[in-house]
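One structure below.
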Amino acid sequence: MTVGEYVRCGEVEGTVMHIGLFTTRLRTITGVEVSIPNNVVLGGQLHNYSRHPDGPGMWLETGVTIGYDTPWRQVHRLLLEAAARTTGVAKEPPPFVLQTALSDFYVDYRLRVRVAEVLRRAVVLSELHAQIQDGFNAEGVQIMSPNYEADPESPKLVPRENWERLPSPPETGKGPPAAD
């Protein structure tokens, strides 16, 4: 690990700002500077996202679990289309989908994408999740597993006409409900 690299040590993730005799300082994506004792750095698990055999950048992974009533080819296509629409996802090497589990009620799909700018990984992942939701909603594919009791009477989807709807304005002129 060297200054300037993007790492994760325990629950802290950020850019290495300083490596001292007793502590290492990281700056998180939210700008918080965190000092970690070097015995924790050396004795724990350290993920260095800046060093990868595929070159600069890093792989990101996210997943959905979808019921068996949705064709797996459709799920793969929707995930790959979401990746293609997401700013910051590299075209090369290309994103890919793995089916990592055939569970009792659903299939576990994992989408892997390459992100060139490691410091933007949280923003890219957030946009990727939004693109996945929009793509699945547009095609009427519900993301409601892994745990549900029974199929709903109506699909759990957000209609396209409500995608950009603003929240309702707060009610004015009313105080809190009266106590009984």
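Just so it is clear, none of the values below were taken in a lab; they were calculated from the coordinates. On a predicted model such as this, the values are computed, not experimentally measured, just so you know. Note that we place each Cβ from the backbone using ideal geometry, even for glycine, and neighbour counts take in every protein chain shown.
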How big is D, in µm² s⁻¹, for the range 1-115 by Stokes-Einstein at 4 °C and 1.567 mPa s if Rh is the Kirkwood radius over C-alpha pairs?
79 µm²/s
For the range 68-151 the trypsin sites (Lys or Arg not before Pro) that pass both the DSSP coil test and the at-most-12 other-Cβ-within-10 Å test are K91
In the range 58-148, what is the volume of the convex hull around the alpha carbon atoms, normalised per residue and reported in Å³?
87 Å³
Where the centroid of each part is defined by its Cα atoms, how far is the range 1-34 from the range 91-109 in Å?
32 Å
Based on C-alpha coordinates, I'd like the Rg and Dmax of the range 6-48, in Å.
9.2, 26
Would you list R25, R51 from fewest to most Cβ contacts within 10 Å?
R51, R25
Relative contact order computed over the range 58-148 (Cα-Cα under 8 Å; 6+ residues apart), in percent
41 percent
DSSP-loop GluC sites (Glu not before Pro) across the range 7-38, with at most 14 other Cβ within 10 angstrom:
E11
